[in-house]
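Visitor: Input: one structure, supplied below.
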Amino acid sequence: SAKMEDFTTVAQRYLDESQPLSQEAPRTAFVQALFGKSTDSELVASREYHGILPEHCSDEVGALKVSQTMCKLKGDLLLVEMAMKEESVMDTFIQKRGAWLESVQRAQTPAQLHGALQMLVSSVKRA
């Protein structure tokens, strides 16, 4: 649909301008350990890049076994969520962002991540 196309165009522009591809792949590549409590400087930088706040991290979630493909999906989903302006999503998403983030953190399969994706997409305001 046209609205989804507009949404993805805005998200891509944000990623291109605000999150340029870095030659330092480990810094920007998403790994499940970003949800852990490590204070390693590379992990901290990557956490910031993906918009993960330290208060949303735990050693338990950071240690979950997640495939490389799932890591890519999670990283992309986190970056898209960051690209969305607060006024472009319904208030219910903003109120439930903590629960949304937890579902992203704990997902270990695409089926488990699907709910978080649906929640994000369905919260986009339509004109």
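The values are calculated or read from the model by the stated rules, or taken from the named source; none is laboratory data. Bear in mind that the values here come from a model prediction, so they are computed numbers and not experimental data. So basically every Cβ, Gly included, is an ideal-geometry build from the backbone, and we count neighbours across all protein chains shown. Just the protein is used for accessible areas: all its heavy atoms, side chains included, with ligands, DNA and RNA removed. Shrake-Rupley method; radii C 1.70, N 1.55, O 1.52, S 1.80 Å.
Visitor: Is it the case, given these coordinates, that Leu120 is among the aliphatic types (A, V, I, L, M), under 12 Å from the mean Cα position of the chain (by Cα) and either part of a helix (DSSP H, G or I) or exposed (fewer than 12 other Cβ atoms within 10 Å of the Cβ) (or both)?
Guide: Yes; evaluated as a whole, the condition is true for this residue.
Visitor: Looking only at the stretch 73-108, which residues are within 21 Å of Asp40 (Cβ to Cβ) and either part of a loop (DSSP other than H, G, I, E, B) or of a type outside the set (A, V, I, L, M, F, W, C) (or both)?
Guide: Lys74, Gly75, Gln105
Visitor: Ok, one more. Could you run through the stretch 114-127 and say how many residues are in contact with a Ser or Thr (Cβ under 8 Å, 6 or more places away or on another chain) and among the hydrophobic types (A, V, I, L, M, F, W, C)?
Guide: As a first pass, look at the stretch 114-127 and keep what is in contact with a Ser or Thr (Cβ under 8 Å, 6 or more places away or on another chain): 115-116, 119, 123-125.
Restricting the remaining residues to those that are among the hydrophobic types (A, V, I, L, M, F, W, C) gives 116, 119, 124.
So the count comes out to 3.
Visitor: Right, next: Give all pairs with beta carbons closer than 6 Å in which a residue from the stretch 45-67 that is touching a residue at least 12 places away in the same chain (Cβ under 8 Å) and open to solvent by 40 Å² or more (accessible area, probe 1.4 Å) meets a residue that is assigned to a loop (DSSP other than H, G, I, E, B) and small (Gly, Ala, Ser); count only pairs at least 6 apart in sequence or on separate chains.
Guide: Once the first residue is touching a residue at least 12 places away in the same chain (Cβ under 8 Å) and open to solvent by 40 Å² or more (accessible area, probe 1.4 Å) and sits in the stretch 45-67, its partners that are assigned to a loop (DSSP other than H, G, I, E, B) and small (Gly, Ala, Ser) give Asp59/Gly36.
Visitor: Please state which one of Lys85, Lys72, Lys96 is open to solvent by 60 Å² or more (accessible area, probe 1.4 Å) and modelled with pLDDT under 90.
Guide: The conditions single out Lys85.
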